[in-house]
Amino acid sequence: MMRNLSNVLLLLIISLSSCLMVFGWDNGLARTPPMGWLSWMRFTCEIDCNTYPDECINEKLYKDMIDRIVDDGYLQAGYQYVNIDDCWMAMDRDPKTSRLIANETRFPSGIKALAEYAHSKNVLLGIYEDIGTLTCAKYPGTYYQNKDHTFIDAETFSEWKIDSVKVDGCYADPKKFNITYVEYSKALSQVEHKILYGCSWPFFKADFSENDYKLIRKSCNLWRQFGDIVDSYQSVKWIIDMMGMHNERFIRYHGPGDMLIIGNNGLSYEQSKTQMAFWCMWSVPLLMSNDLRSIRPEMKEILLNKELIAIDQDPLGIMASLVIQKSNWQTQVWTKKLSPMNNNELNPWAILYFNGHQLGPDSYMSYKLSSLIPELNQTISYDVHDLFNSNDSYLGTLKPNQQLELLVPTAGSVRLVKLIPKI
Ligand code: GLA
């Protein structure tokens, strides 16, 4: 039955480097993965506003995105942050106060006014700085001209009522990160406004094993593990495989993810579903980097999928486990334990089947449930729901000793189901 239903569903259906980890520093923020929008992947450091009036890094871009977040249903779905990335600053600090200042031509109203605009619409505003002498695009860093501006910057951001800061690691000595990134955390904890702290710390160390994840976790709300995502399937697939290869290490400190590139040019419809599914399975931040003013409706629908967002935001916050890896990472199965529903103490589970093969027909993947999830209660049945088909999600009911068989399209596609214990 499962097979026939899957066929029908498939016919109906056919039509976010780096890693950020959450649940770190206990300052009350990012208790579930933050959701929002970040300019970097899509708009990078475009500062030529004459040639690109709608795409350059200026206050209009962020105001437009704040408006779209509110008016197009993203805020309601949970996407609350709009994050400025590099290239917002003037080329120097204020000569008298040493404070950071925004580029006056591109941000004529200033960052404080932008934060007020965001807050008037219940959106939170994030900003970007770097722990080195310069940012990655060579704007003034925390240690600009070799002087420590950590506390001044934390105060400035607090006065502006900034809600989140991404602190990059260019033009800095990674050997000092155990001090500099920790000092930044202290500074943020001492200012009046609460600011979520995202660290690029682990990414800038060449070797994972050199990272003091306990200290990173204690100091930062989020941290990134890998280099930047770009607008391509290869980039998403690389992150998926790295997450699989280092699953055991990362799972202990919690999961990763970079910007969601859904809604740009690099991913097909099925591959966009794939990125959303993996990011949600890992319980990582959902930060879109796209142009919300011109996004295609089917891509928007993926980003607003309530069932998937609920998997990402599940209160248990467990990163999914890789349970099957075959054919040189072209076949993968991941499982994720979810928190119990309606006072029923049995846990639902999410199961993801991934088919990366680029040759041949769509393929049936079939595994015995108990072989994927030994913890399942053998005495009960589980209803199986397709999380990408909210109108008709029920696929059947299975006992743990039965096979979950799903037809999975090729070329980097997924099927994602939820097992709901039947009592
Ligand atoms: C680095 C980071 C990116 C972005 C740029 C800005 O490359 O990895 O995410 O912040 O710097 O210059």
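The values are calculated or read from the model by the stated rules, or taken from the named source; none is laboratory data. Treat the numbers as computed from the prediction; the structure is a model and nothing was measured. Neighbour counts are summed over all protein chains in view; Cβ atoms, including those assigned to glycine, are modelled from backbone coordinates with ideal geometry. SASA here: full protein model, heavy atoms, side chains in, ligands and nucleic acids out. Shrake-Rupley method; radii C 1.70, N 1.55, O 1.52, S 1.80 Å.
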Which of the trypsin sites (Lys or Arg not before Pro) found in the stretch 23-109 are in a DSSP loop and have at most 15 neighbouring Cβ atoms, other than their own, within 10 Å? R31, K96, R99
What's the FRET efficiency of A113 with N344 using the Cβ-Cβ distance as r and R₀ = 56 Å, to the nearest 0.05? 0.70
3J(HN,Hα) from dihedral phi, the stretch 145-151, Karplus parametrisation 6.51/-1.76/1.60, rounded to Hz, x for glycine, proline: 6, 6, 10, 7, 10, 3, 6
Be a star and scan the stretch 224-250 for residues whose amide nitrogen sits under 17 Å from the point 7 Å along the Cα-to-Cβ vector of E46. 230-232
Would you work out what percent of the accessible area of the chain, with all protein chains in place, is carbon or sulfur (probe 1.4 Å)? 50
Expressed in nanometres to one decimal, the distance between label points 7 Å along Cα→Cβ at Q358 and S189 is 4.8
Hey, with R₀ at 51 Å, roughly what FRET efficiency would S366 and L215 work out to, going by the Cβ-Cβ distance, to 0.05? 0.70
Amide N proximity, the stretch 364-396 versus I324 label position 7 Å along Cα-to-Cβ, cut-off under 15 Å: 364-374
Could you list the chymotrypsin sites (Phe, Trp or Tyr not before Pro) in the stretch 338-404 that lie in coil according to DSSP, counting only those with at most 15 other Cβ atoms within 10 Å of their Cβ? none
Describe numerically, in nm with one decimal, the distance between label points set 7 Å from Cα along Cα→Cβ at N265 and at E375. 4.4
In Å², and per residue, what accessible area does the chain have when probed at 1.4 Å with the other protein chains present? 41
